[in-house]
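Have a look at the structure below, then the notes.
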Amino acid sequence: MATVVFFHAHPDDEALATGGTMALMAEAGHRVILVVATRGEEGEPVEGVLETGEKLEDRRSSEVEKSAEILGAARIEFLGYRDSGMVESDTTSHPNCFWQASKEEAVNRLSKLLSSEEVDLIVVYDPNGGYGHPDHIQVHQVGTQWAQENNVRLRWVTLNRDAIRKVVEQAINEAIGAGEELDEDLTKREERSSEESFGMAEKDITHAIDVTTVLDRKRAAVAVHASQIAPDSFFVTLGEDQYEKAFGREWFVDPDVPRTIEEPLRSDLLLD
């Protein structure tokens, strides 16, 4: 059995991006470790969710611990940095935020956390962090350097912008056909999925992991993050068929072994 580290930036990233793969690997008997760089201090809480005096970072830490349990993670650790916020925000200059951390220091922290583990594979984001978030980009850079220094195999989790565009367009067409008002979240996703900086094209992706058998656990793990995901969110309101089309596969890249034009998408994250 393998030991696989999923390195994420904020609470909820683990469920949204890799929840199904984590659940599948844990179910198969692999040791799944979740490392979260920050506690998500700069997230925007859903209105009315936080109790009086409750800090967002405390709520999000609790949520990710519950999510990790649902997904079968054997261990969860925080790297100890502050959420940097979005690229245009002033918080990216905070001295304690992840974006401002030196790569060497962050790699050393990760090494200390994983010193007792025999890691076979580490999962980080693609070079643009999926959609350009500073903390996601930093996870890519720190995780990649750690993998190189420790001779550990590497995978990038990414977004298949071609597949997402199709699902979003279908959902919009169905809403228009039913005479429904378009959801703001859905409209934003249509705009974002058209950007070249959003995820990767399917031709550049090497692995497609079918997570439909554990989709109920992924969905439950996503729902745990109630401070960030409103009840009327795209992630919650999709019907079962649309949810399976949108989230039934998770997408990864092996940066060392690209996929040839004739080669089908690989289905086992541990195989090159």
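Being under 20 Å from Gly130 (Cα atoms) and surrounded by fewer than 12 Cβ atoms within 10 Å (Cβ to Cβ) is the filter here, so list the residues in the stretch 235-256 that pass it. Of everything in the stretch 235-256, just one residue is under 20 Å from Gly130 (Cα atoms) and surrounded by fewer than 12 Cβ atoms within 10 Å (Cβ to Cβ), namely Asp256.
Residues considered: Met1, Met22. Of these, the only one that is surrounded by 16 or more Cβ atoms within 10 Å (Cβ to Cβ) and in contact with a strand residue (DSSP E or B) (Cβ under 7 Å, 6 or more places away or on another chain) is Met22. Residues of the stretch 93-112 that are in a helix (DSSP H, G or I) and either crowded, with 18+ Cβ neighbours inside 10 Å or of a type in the set (Lys, Arg) (or both): Phe98, Trp99, Lys103, Ala106, Val107, Arg109, Leu110, Lys112.
Residue under question is Val64, and the condition is that it be of a type in the set (A, V, I, L, M, F, W, C) and more than 17 Å from Val139 (Cβ to Cβ); does it hold? No; evaluated as a whole, the condition is false for this residue.
Of the set (1) in a strand (DSSP E or B); (2) in contact with a Ser or Thr (Cβ under 9 Å, 6 or more places away or on another chain), all apply to Glu77 but (2). Scanning the stretch 27-52 for residues that are over 13 Å from Glu63 (Cβ atoms), of a type in the set (Gly, Ala, Ser) and crowded, with 20+ Cβ neighbours inside 10 Å returns a single hit, Ala37.
The number of residues in the stretch 117-142 that are farther than 23 Å from Arg249 by Cα and either over 12 Å from the mean Cα position of the chain (by Cα) or surrounded by fewer than 23 Cβ atoms within 10 Å (Cβ to Cβ) (or both) comes to 7.
Of the candidates Ser62, Ser84, the single residue that is among the polar types (S, T, N, Q) and crowded, with 20+ Cβ neighbours inside 10 Å is Ser84. Once the stretch 155-179 is narrowed to residues that are touching a strand residue (DSSP E or B) at 6+ places or on another chain (Cβ under 8 Å) and either part of a helix (DSSP H, G or I) or of a type outside the set (Ser, Thr, Tyr) (or both), the residue that is modelled with the lowest pLDDT is Ala163. Of all residues in the stretch 57-82, how many are more than 30 Å from Ala2 (Cα to Cα) and within 19 Å of the chain's Cα centre (by Cα)? Residues that pass the stated criteria total 3. Scanning the stretch 41-60 for residues that are outside any loop (DSSP other than H, G, I, E, B) and either in contact with a Gly (Cβ under 8 Å, 6 or more places away or on another chain) or free of Cβ contacts under 8 Å to residues at least 24 places away in the same chain (or both) yields Leu56, Glu57, Asp58, Arg60. Evaluate the following for Gln145: is it closer than 17 Å to Gly199 by Cα and surrounded by 14 or more Cβ atoms within 10 Å (Cβ to Cβ)? Considered against the rule, which asks whether it is closer than 17 Å to Gly199 by Cα and surrounded by 14 or more Cβ atoms within 10 Å (Cβ to Cβ), Gln145 comes out as no.
The values are calculated or read from the model by the stated rules, or taken from the named source; none is laboratory data. Remember, it's a predicted structure, so these values are computed and weren't measured experimentally. FYI the Cβ positions are ideal-geometry reconstructions off the backbone, even for glycines, and counts take in every protein chain you see.
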